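> Quick one: this structure, given as structure tokens, is what I'll be asking you about.
The values are calculated or read from the model by the stated rules, or taken from the named source; none is laboratory data. It should be emphasised that the depicted structure is a prediction, and the values quoted were computed from it without experimental measurement. Backbone-built Cβ (ideal geometry, glycine too); neighbour counts: all protein chains shown. Each accessible area value is taken on the protein alone, full model and side chains, heavy atoms only, with ligands, DNA and RNA left out. Shrake-Rupley method; radii C 1.70, N 1.55, O 1.52, S 1.80 Å.
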Amino acid sequence: MTTTPERTTPDLTWLDDVTMTELERNPYPVYERLRAEAPLAFVPVLGAYVASTPEVCREVATSPSFEAVITPAGGRTFGHPAIIGVNGEIHDDLRSMVEPALQPVEVDRYVDELVRPIARQLLEQFEDDGRAELVAQFCEPVSVRSLGNLLGLEDVPNDTLRDWFARLNRSFTNAAVDENGEFANPEGFEDGDRAKAEIQAVVDPLIEKWTKEPGDSAISHWLHDGMPEGQTRDRDYIYPTIYVYLLGAMQEPGHGIASTLVGLFSRPEQLEEVVDDPTLVPRAVSEGMRWTSPIWSATARITKEPVTLAGVDLPAGTPVMLSYGSANHDTGDYDAPSTYDLHRPPLPHLAFGAGNHACAGIYYANHVMRIALEELFEAIPNLERDTSEDVEFWGWGFRGPTSLHATWEV
Ligand code: 261
């Protein structure tokens, strides 16, 4: 007698107890279990399927049976047409709108003279203090001031740009749903709505100015480039993509810088190597992006037709969330993935996504993070983590340290 091997459906009832707060505090234990038991699984609190391994994330992001869709809370926050959630001609147009300023030859032309003086000026404000909270005093300001100036928001203060990304973030990731699939915390979108009203009060007049008189800011180019003579893109058409920038592009280089620093602080001998040899900074950043991926689980795709993937039958029109931050901790690809290690084999990771919606700002962001860390290590080579203060990471959609206290001898 022979026994036929049976495919056992894993018991995933434990997923019913997963809460948004738990995922935001520390998503790794839940996702470790998902990767082992069900790399494509319906997560009740999210009301959606989640892809948690590199293989399944890559397949969902690159398969012609899927196309882009914005997450429900993301769509509630940004509206339509946001570049991350559209397809076909609108996506082609929005990519052609944002890409010119992000082309490597173009970035190489401006990025050093944009970012280095900003980093230098921030460092001057605290390098003689012997201590700093680096997230608020360095990582976030470098990120928002650099992109703010590129976009044409020179007159918007750092703290305003930081406040905007934080409020858009909380709205965009207000993902919890109830048993009927309705948003569990609808009031969680209200502050994002107020932030958008404040943003429009500042950006509308700039759009009016640049519509009449084109400037050299990125947003002015978004209005005019590729349009027939005398025509501009409508403000309602570009606002959702402005919000994409004011959240992700403003916030994530700061997360990347801060996470890389926390990773290096966890390996003091590796921090010393990087300080002694700044050519190692790009590797340090790449490992930081793998170790704590800033865009941890904020994008999605939807099936265009019935699809069977990882043993799961998905009807047409099924959204799947891409948990790249989990994929980047897969033990199939990485030894001891929760350890920061500058010297691990430099395998590609998924922190910038994959497929036709992969990050358009990858080249720009990597240079911003590199230049910021070069200037920090040059100014303060004897930087240490202040171990009297805890480092707490937060976020499921977007993830990074909430603060990072450092000290040094002056
Ligand atoms: C610039 C990338 O910004 C985002 C990416 C994914 C989700 C939301 C974002 O604002």
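> Which value, in debye to the nearest 20, describes the size of the charge dipole of the chain about its Cα centre when Lys and Arg Cβ atoms bear +1, Asp and Glu Cβ atoms bear -1, and nothing else is charged?
820
> Among 188-201, 397-410, what's the highest-first ranking by average C-beta atoms within 10 angstrom per residue?
397-410, 188-201
> Tell me the Rg and the Dmax, in Å, that the Cα atoms of the chain produce.
21.6, 83
> May I pose another question? Accessible area of the chain with a 1.4 Å probe: how many percent of it is carbon plus sulfur?
50
> Using only helices, what value at 222 nm comes out for the chain when you add -39,500 (n - 2.57) per DSSP H run of length 4 or more and divide by the total residues, to the nearest 500 deg cm²/dmol?
-14500 deg cm²/dmol
> Just report the Cα centroid separation between the range 319-383 and the range 145-221, whole Å.
The distance from the Cα centre of the range 319-383 to that of the range 145-221 comes to 25 Å.
> Top to bottom by accessible area (1.4 Å), largest first, where do 297, 266, 388 land?
Most to least solvent-accessible, the answer reads 388, 266, 297.
> Ignoring ligands, DNA and RNA, what accessible area per residue does the chain give at 1.4 Å, in Å²?
Result: 45 Å² per residue.
> Under 16 Å Cα to Cα from residue 212, which aspartates and glutamates show up? Leave out anything in the same chain fewer than 8 places away.
204, 225, 229, 234
> Taking the dipole about the Cα centre of the chain, with the C-beta of Lys and Arg at +1 and of Asp and Glu at -1, give me whichever of 253, 401, 279 is farthest to the positive side.
Value computed over the given set: 253.
> Further question: Computed on alpha carbon atoms, what radius of gyration and Dmax characterise the range 211-366, expressed in Å?
So, for the range 211-366, Rg and Dmax equal 19.7, 59 Å respectively.
> Continuing with this model, one more query. Round to the nearest 0.05 the FRET efficiency obtained for residue 178 and residue 13 when R0 = 22 Å and r is the Cβ-Cβ distance.
0.75
> Charges on Cβ only, +1 for Lys and Arg, -1 for Asp and Glu, centred on the Cα centroid of the range 140-192; of 158, 168, 181, which one is farthest towards the dipole's positive end?
So the residue we want is 158.
> Ranked highest first by the average count of other Cβ atoms within 10 Å around their residues, in what order do 333-343, 278-288 fall?
278-288, 333-343
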